[in-house]
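Structure first, commentary second.
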Amino acid sequence: MDSDSARVDRLTDAKAAPAWDRFAHWGAWPARILLAAVAALLVLAALTPLTASMDGEPAEVPSITQETLAEDAEPPRDDDLALYDRIIERLKGGENYYDFVVEEQRASDYPVRPGLAVRLPTLAHIYAWLGEGLMIPLAVVLMGATVWAWWRRLGEEPGGKRMQRIGAALMFMGASLGLNRYYFVLHELWAGMLIALAFGLHRPGRWGWSLAVAALAVAIREHALPFVLLMGAMAAWRRDWKEAAAWGALVLAFFAALAWHLSLVTPQTLPSDPESPDWLVLRGLAGWLGNIVLSSNLRFLPHEIAGPLVVLMVLGWAGWKSSAGTTGTLLYLGYGLAFMIAGRANNFYWGAVVAPAMFMGLAFLPMALRSLITSARGNS
């Protein structure tokens, strides 16, 4: 049993802990179990190789380096990006997306069955309409709006100015990949930035702009749908039935649009067209960590460091006792589980859908670790 002095020390620590510290009032054994689980995950994450190929070869993820900037050159286009380039060029030439997209994808040896293998046309139309010249300022504005939204959000949450400054800086770090024009045709890049913005704009009772931004995200890439479902579920948990109905209506509108998309794609496919390889490949921890690391600025770090950082980001979010902290924890754990189950190694770019705002979890990590350790010392 605890000594009187140990009990008094623990009660004093709990009273001194800020109200937004989720782990401050945990019992000793739950805290010990979580610490043990985190320690095991950190070891496994450090030992897990992160690749973008199924044969275990090192990932080759194109990036703009100082050398290529000095040469005013870009790396060779990835096959996926080159396909999107050609689609955009044909749209600029006045062709109808559904008149050629299946033909173009088939000619490039990409599967067209099932119809979900063919991307939604939203981003291609936006890019063809604006051109790269306007996509660059659009990316700057989107990143600025996302950092601003989180600056405001953190300023309204418990934690003070220090947490606001650190969190906004980490949001900038996570979002800065969105300024790399090499990836501007990548659907996940824009969907991920829009999800980060929608998350930052959301407030219980004030969700209109968040809903609108999330609608654009899911129109660009269907992988944004879990975020929409989570926001609706959280609204229902708060018994805000009006907001829950709005998110539900967005889900229904998305499925109606997806059905229309498939109705235009499916008739153009042939029985001889090969089906897409199975997406349910159960990659485990490598799927989660690989997707996040290789689709974010963590890719510049050794995997022994980058992998554990992903785990610590989620722990930081879990330690933040707030509406945003709860939503972020469920969001990143949910996508992490999905990436463990679904997605081949060469689908690593799916991680860009959630990577940008994950970085902010590091702002809350010192508090989370400190309070977990303090709580774990409670019972002998």
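Things worth noting here:
- Which listed residue is buried (at least 18 other Cβ atoms within 10 Å of the Cβ), more than 30 Å from PHE100 (Cα to Cα), outside the structural domain of VAL43 (by TED's automatic domain parsing) and under 19 Å from the mean Cα position of the chain (by Cα), from GLY290, GLY232: GLY232
- Matching entry among ARG165, ARG119 (being of a type in the set (D, E, K, R) and buried (at least 20 other Cβ atoms within 10 Å of the Cβ)): ARG119
- Among (1) more than 16 Å from PRO356 (Cα to Cα); (2) modelled with pLDDT of 95 or more, the one test that ARG206 misses: (2)
- Matching entry among ALA376, ALA306 (being surrounded by 22 or more Cβ atoms within 10 Å (Cβ to Cβ) and in the same structural domain as LEU294 (by TED's automatic domain parsing)): ALA306
- Filter result for LEU362 (within 30 Å of GLY205 (Cα to Cα), surrounded by fewer than 23 Cβ atoms within 10 Å (Cβ to Cβ), aliphatic (A, V, I, L, M) and in contact with a helix residue (DSSP H, G or I) (Cβ under 6 Å, 6 or more places away or on another chain)): yes
- Scanning the stretch 296-314 for residues that are part of a loop (DSSP other than H, G, I, E, B) and either without any contact (Cβ under 8 Å) to a residue 12 or more places away in the chain or out of contact with any Leu (no Cβ under 8 Å at 6 or more places or on another chain) (or both) yields LEU301, PRO302.
- All conditions but one from (1) crowded, with 23+ Cβ neighbours inside 10 Å; (2) in the same structural domain as LEU120 (by TED's automatic domain parsing) apply to LEU250; the one that does not is (1).
- Filter pass, ASP278 being surrounded by 15 or more Cβ atoms within 10 Å (Cβ to Cβ), acidic (Asp, Glu) and over 28 Å from HIS202 (Cα atoms): no
- Check on VAL8, surrounded by 14 or more Cβ atoms within 10 Å (Cβ to Cβ) and either of a type in the set (A, V, I, L, M) or at pLDDT 95 or above (or both): no
- For HIS223, the criteria (1) outside any helix (DSSP H, G or I); (2) touching an Asp or Glu at 6+ places or on another chain (Cβ under 7 Å) hold in every case but one, which is (1).
The values are calculated or read from the model by the stated rules, or taken from the named source; none is laboratory data. Here the structure is a predicted model, which is why all the values come from computation and not from measurement. Cβ atoms come from the backbone with ideal geometry, glycine included; neighbour counts cover every protein chain shown.
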